[in-house]
Each structure stands twice: as C-alpha cells, then as structure tokens.
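A.B. asks: Structure in structure tokens, see below.
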Amino acid sequence: NWDLILYVNLELVNKMSNRRFIVKEMLGQGTFGQVVKCWDTETNDYVAVKVIKNQPAFYHQAIMEVSLLRTLNQKFDPDDQHNIVRMLDYLSFQNHLCIAFEMLGQNLYELLKRNQLRGLKVKYVQAFSKQILEAMVVMRDAGIIHCDLKPENILLAPSVTTAAAVKVIDFGSACLEGKTVYSYIQSRYYRSPEVLLGYPYTTAIDMWSFGCIVAELFIGLPLFPGASEYDVLQRMMTILGGQPPDDLLREAKNTGRFFKHVGNIFPGSETPDGIASAYRILSEDEIEARESKRPKVGKWYFPSLKLDRLICTYPWNKSELTETEKTDRLALVDFLKGLLEFDPNKRWSPLQALYHPFITGQPFMRPYEPVPETARIPVTRAAAIDHNPGGGHWL
Ligand code: ATP
Ligand code: MG
Ligand code: MG
C-alpha cells in the first residue's frame, strides 16, 4: 500500500532526525527504498534523504553505497568539481539506513519526458556528456564501477553559471573493480554485451551504458529498448553492425543462450555483416523453440537503421539540415562508435572520450583515434575504502 509505506517513512524521517528535518515531499521511489525531500532546520537548506528498506540485504548494499560515495567525495573529489552527488550525512534508524544527499533537480529521463521524448539539442547532449565523463574519470581512478548508469540516475544540478549542469547519483549498485560479486547488474536497456554474455567485467561496462545514454539524450528514446536480453543483443547487432568478438564469445558463460557455435571459420561462413566468426546469433525461431514463453518484443522503433542513419537523419522526417548540424551529427556518430564498442578492451576510457572533438568542440575532420592509455593506476585504493562506516555523526 503506497500511502501507508509513504506515511511510515515520512514518520520515520521525522522521528530519526528528532525533528531536525521537516519532510516536504516524495522525490522518487526505487528498488532500495524511497527518497524524500526535507527541510533541514539546522542548515536552513533542502536535503534529499534516501530511506533504505529495513531488510538486511538492502541495508548491506546501502553500507556499500555509503562507503564508496564517501571515498569518491572525500578522497577523489574533495572540492566537488567532478559532477558526483554529495553525500551529507547518514544514520541507521530501526534497521533503515538513511542517507542524506544534497538536493538536486529532475533526472534526465524526466527531462526527456518533459520534452515529449524528442531529444535534446546537440549543445546540451555535448555539455551533459562532458560532465558525466568527468564523473566517470574519477570513478575509474577510484576503481569504482557504477553498474547502473541510466538517465534516471543522472540529475540536473543547480549551476553557478547559467549553463545547465548534471550530477551522477545512485551508487546503490556500485562495486570495486576486481571485487565484482554480482553477474545480474545494470538496467536491461543499458546492459553491456559482456554482462549480457556473462564475461568478467570492468569499469568499461559504465562506458557502454554511457554510450546508450548519450544516444538517448539525442533521439529522446532508448537506443536498445529490448523486451528481453536476447532482444537487446539483437538490437545492438542490428544498429551497430557486427557482433561481440569471438574470444569474448568463447570465454563467456552465457554465450550458448544467444549464439550457436558454427565451428571453424571457412570461406562463406561470414555473418551478414561480413565478419568471419565461429559463432552466429540464434534465429528468432531457434529462440522460440527453446523458450516456452516467447519474450514479448517491445515496439521496434527503427527496425533496420544503422547508427549512422539513425543519428544523421534524426528526427527522420527529411527536413534539411544545416552544414553545422551535419558535422555535429557526424562527430556524434563517431563519438558513439567508440563508446558502443563490443570489445570491452577496445572501448574508449572516460579520459580518451573526453578528448573527442564532439566533447572538445574542435572541428571534426576524421574518425578519432585516441592516444593509447598508459598502464592503469594499480588498485591500491581498495585499501582506502572503509567497508564498515558505522553510524554518521547524527547518532
Ligand atoms: P534504483 O531503482 O534506480 O536503483 P534507488 O532506489 O537506488 O533507485 P536513487 O536512484 O538513489 O534510488 O533515487 C531514486 C530517485 O529519487 C532518482 O531517480 C531521483 O529522481 C530521486 N533522487 C535521488 N536522489 C536525489 C537528490 N539528491 N535530489 C533530488 N532527487 C533525488
Ligand atoms: Mg536509481
Ligand atoms: Mg539504485
């Protein structure tokens, strides 16, 4: 019962804070609990309080959220310059972990909806992309994988200048690179090929989700809105052309769910995209024969458009584009291709992506070739992260 749950949690926030916080309204509801807007009578400011469900699994995951975010805020972004939400405080009350965040604005999905899902102007796509990338550079340096990047988890932030600003929120599914525990992660539309296929993952999965977000900001609709994992994978292959590389398919745990091993490569065994591969994706009929209940396929908005056409002809109604619009789109397509790269080892890092002409605003002349990255910073920061933060100083 929605009203009852809401009432209980509002009461909870009032009680736990000894009436320091006056609850104003509901901001959002997620898998982990509810987020409420409160007036802080001590600081005379609004805060957003996430009240985590009072079950052990949620509690423990939220402890992780607190410790990772504390590390990010204090050690990697002490001056709040990298577009990551600030955690203000936290406490445990009747087995509910309650986390207070700075108050931010609408999330990007709400922004797209407000704009009738028609997508944003290139200058906003560019500005938001740059800011999200800046957060991702820091996350990668900290060895933190967000695991749930999507428009709902990017919020508009008040900006010192008049320019629009965003921040990354919701580290409730995040984990440390090299300490990945779960295999069922990321929201389906934004799920990377390696996670779909069950292959060891790194911060590169966030770059995949980021690519999906950038495309969605431009076209207003999710790029791979698959009704099932198979549907998502098939959409990726249609829009991007190609398929995950053979060595990934060979090693991944779930390859057999989606692909058929067709043996050694011989002339004529190439996929329709012309790749020689030892694997081919199962046909719809083969999938149907395997699954008693056929996944319901959602609305297929652009059945056969490749990424280039999808972006360059948007909004798909043959209106004339100016020269600037044309080159902007070519730069955007080139940018997306480096992010939506099937091979996680070839996918660009956040820093490499930051130097793309789409982000820097330099004229786009030819496909971007990022400077190879020097060796990764060793994951010594794992030691810096306190996994048992205990109570906040409200207690
Ligand atoms: P999910 O189901 O995505 O895992 P969650 O339960 O982990 O969600 P959050 O994503 O942290 O919760 O928050 C849920 C929603 O509440 C957000 O999408 C956003 O709209 C709103 N929200 C969260 N934090 C803030 C904030 N600091 N300021 C304003 N609104 C917020
Ligand atoms: Mg969320
Ligand atoms: Mg979450």
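A.B. asks: To make sure I understand the rule: partners must be aspartates and glutamates, Cα under 20 Å from the Cα of Lys75, and not fewer than 8 residues away in the same chain. Which ones qualify?
C.D. replies: Within reach: Glu65, Asp89, Glu102, Glu134, Asp141, Asp170, Glu177, Asp386.
A.B. asks: What FRET efficiency comes out for Val262 versus Met365 if R0 is 45 angstrom and r is the Cβ-Cβ distance? Round to the nearest 0.05. Please list the in-between numbers first.
C.D. replies: On the way: r = 40 Å, r/R0 = 0.89.
So, using R0 = 45 Å, E works out to roughly 0.65.
A.B. asks: Please list, ordered by chain and number, the residues whose modelled amide H lies under 5 Å from the amide H of Lys24; skip anything fewer than 5 residues away on the same chain.
C.D. replies: Excluding prolines and chain starts, which carry no amide H, the hits are Lys37, Cys38, Trp39.
A.B. asks: Moving on. So how much accessible area does Asp80 have, in Å² to the nearest 10, using a 1.4 Å probe?
C.D. replies: 60 Å²
A.B. asks: Beyond 26 Å between alpha-carbons counts as too far, so tell me which of Lys113/Lys167; Lys179/Lys337; Lys37/Lys167; Lys53/Lys113; Lys37/Lys113; Lys179/Lys260 fall in that bin.
C.D. replies: Values: Lys113/Lys167 18 Å; Lys179/Lys337 28 Å; Lys37/Lys167 17 Å; Lys53/Lys113 28 Å; Lys37/Lys113 21 Å; Lys179/Lys260 31 Å.
Distance filter (> 26 Å) returns Lys179/Lys337; Lys53/Lys113; Lys179/Lys260.
A.B. asks: I would also like to ask the following. Can you give the FRET efficiency for Thr180 and Asp45, using 1/(1 + (r/R0)^6), R0 = 35 Å, r = Cβ-Cβ distance, to the nearest 0.05? If you can, show how the numbers build up before the last one.
C.D. replies: Working: r = 37 Å, r/R0 = 1.05.
Given R0 = 35 Å and the Cβ-Cβ separation, E is 0.45.
A.B. asks: Report the chymotrypsin sites (Phe, Trp or Tyr not before Pro) located in the range 307-343 that are in a DSSP loop and have at most 13 other Cβ atoms inside 10 Å of their Cβ, or state none.
C.D. replies: Values: sites: Trp316, Phe335, Phe342; in loops: Trp316, Phe342.
Filter output for the range 307-343: Trp316.
A.B. asks: What full-extension length gain, to one decimal in nm, is calculated for Thr313 and Glu286 as 0.36 nm per residue of separation minus the Cα-Cα distance? Walk me through the numbers before you get to the answer.
C.D. replies: Details: separation 27, 0.36 × 27 = 9.72 nm, distance 3.37 nm.
Stretched fully, the Thr313-Glu286 segment lengthens by 6.4 nm.
A.B. asks: While we're on this one: Could you pull the accessible area for Arg140 with a 1.4 Å probe, rounded to 10 Å²?
C.D. replies: Counting only protein heavy atoms, the figure is 50 Å².
A.B. asks: Same structure again: Rounded to a whole number, what % of the accessible area of the range 60-148 do carbon and sulfur atoms account for, probe 1.4 Å? Kindly include the intermediate steps, with their values, before the conclusion.
C.D. replies: Values: 1590 of 3530 Å².
Taking all protein chains in place, the range 60-148 shows 45 percent carbon and sulfur surface.
A.B. asks: Further, regarding this structure: Taking the Cα centre of the range 45-134 as origin and charging only Cβ (+1 Lys, Arg; -1 Asp, Glu), how large is the dipole, in debye to the nearest 20?
C.D. replies: Numbers: 11 positive and 9 negative charges, 107 e Å.
Here the range 45-134 has a charge dipole of around 520 debye.
A.B. asks: Rounded, prolate or oblate for the range 60-202? Axes are the square roots of the Cα gyration tensor eigenvalues, ordered a ≥ b ≥ c, and the cut-off for rounded is a/c under 1.5. Before the final figure, lay out each step's value.
C.D. replies: Working: a/c = 1.57, a/b = 1.17, b/c = 1.34.
Because a/c hits 1.5 or more and a/b fails to exceed b/c, the range 60-202 counts as oblate.
A.B. asks: Please state the shape class of the range 43-91: rounded when a/c is under 1.5, otherwise prolate if a/b exceeds b/c and oblate if not, all from the C-alpha gyration tensor. Before the final figure, lay out each step's value.
C.D. replies: Details: a/c = 2.93, a/b = 1.40, b/c = 2.09.
It comes out oblate by the Cα gyration axes.
A.B. asks: Which sequence of Val47, Val23 reflects their accessible areas, 1.4 Å probe, from the largest down?
C.D. replies: Numbers: Val47 5, Val23 30 Å².
Ranked list, largest accessible area first: Val23, Val47.
A.B. asks: Which whole-Hz ³J(HN,Hα) couplings does the range 41-50 yield from phi under the Karplus relation 6.51 cos²θ - 1.76 cosθ + 1.60, θ = phi - 60°, glycine and proline marked x?
C.D. replies: Result, rounded to whole Hz: 6, 7, 9, 6, 8, 7, 9, 10, 10, 9.
A.B. asks: Okay, next question. Is the range 131-171 rounded, prolate or oblate when judged by the Cα gyration tensor, a ≥ b ≥ c being the square roots of its eigenvalues, rounded requiring a/c under 1.5 and prolate requiring a/b larger than b/c? Mind dumping the intermediate values first?
C.D. replies: Details: a/c = 3.09, a/b = 1.61, b/c = 1.92.
Taking the square roots of the gyration eigenvalues as a ≥ b ≥ c, the range 131-171 is oblate.
A.B. asks: For Glu325 and His60, what does the FRET efficiency come to when R0 = 45 Å and r is the distance between their Cβ atoms, rounded to the nearest 0.05?
C.D. replies: On the way: r = 49 Å, r/R0 = 1.09.
The formula returns an efficiency of 0.35 here.
The values are calculated or read from the model by the stated rules, or taken from the named source; none is laboratory data. Everything numeric here is computed off the predicted structure, so don't read it as measured data. Glycine also receives a Cβ, built like all others from the backbone with ideal geometry; neighbour counts cover every protein chain displayed. To get the accessible areas, we keep the full protein, side chains included, count just its heavy atoms, and leave off ligands, DNA and RNA. Shrake-Rupley method; radii C 1.70, N 1.55, O 1.52, S 1.80 Å.
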